[in-house]
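> Please read through the structure below; I'll follow up with questions.
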Amino acid sequence: MTTGLKKNRKKRGHVSAGHGRIGKHRKHPGGRGNAGGMHHHRILFDKYHPGYFGKVEIKDKATPENAPLIDVTQLGYFKVLGKDLLIDCAVAVEC
């Protein structure tokens, strides 16, 4: 694009060229990237990105009520290790 067609030609003679006198057009006035999400950009983060901050709770998978209960002490075992895959359905184990 030629210089004559650029928007800056229209701004000539107007002191601040549309960037204001008080705030001024500076490098990164709010910080770079997501800076200030907990502080000066808090309203934006809470409004458009709810749940962005904080931990995510790991919810335990509840054992279904109709799952079979296996008492391993009757079978002669006193410790249950979770190494191999036993079966595909949910099982409640009692020690």
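Just so you know, all these numbers are worked out from the coordinates, no wet-lab data involved. This structure is a prediction, so every number in the text was calculated from the model and none was measured. Methodologically, a virtual Cβ is constructed for each residue, glycine included, from the backbone with ideal geometry; neighbour enumeration extends over all protein chains shown.
> Pull out the extension gain between Ser16 and Val91, defined as 0.36 nm times the separation in residues minus the alpha carbon to alpha carbon distance; nm, one decimal.
19.7 nm is the gain from fully extending Ser16 to Val91.
> If you don't mind, there's one more thing I want to ask. In debye, nearest 20: dipole of region 1-93 around its Cα centre with unit charges on the Cβ of K, R (+) and D, E (-)? Before the final figure, lay out each step's value.
On the way: 18 positive and 7 negative charges, 447 e Å.
Its charge dipole is roughly 2140 debye.
> Straight-line reach from Lys59: which lysines fall under 27 Å, measuring Cα to Cα and dropping same-chain residues less than 8 apart?
Cross-link targets: Lys47, Lys79, Lys83.
> Using a Förster radius of 30 Å, what is the FRET efficiency between Lys47 and Lys7 based on their Cβ-Cβ separation? Nearest 0.05, please.
After rounding, the FRET efficiency stands at 0.45.
> Still on this model: If the cut-off is 30 Å between C-alpha atoms, which lysines fall inside it for Lys11, apart from same-chain ones fewer than 8 positions away?
Correct list for Lys11: Lys24, Lys27.
> Please name whichever of His28, Ile43, Pro68 sits farthest to the positive end of the charge dipole of the chain, dipole taken about the Cα centre and charges placed at Cβ: Lys and Arg +1, Asp and Glu -1.
His28
> Here's another thing I want to ask about it. Given N residues in the chain, what is Rg(Cα) / (2.2 N^0.38 Å)?
For the chain, the normalised Cα radius of gyration comes out at 2.57.
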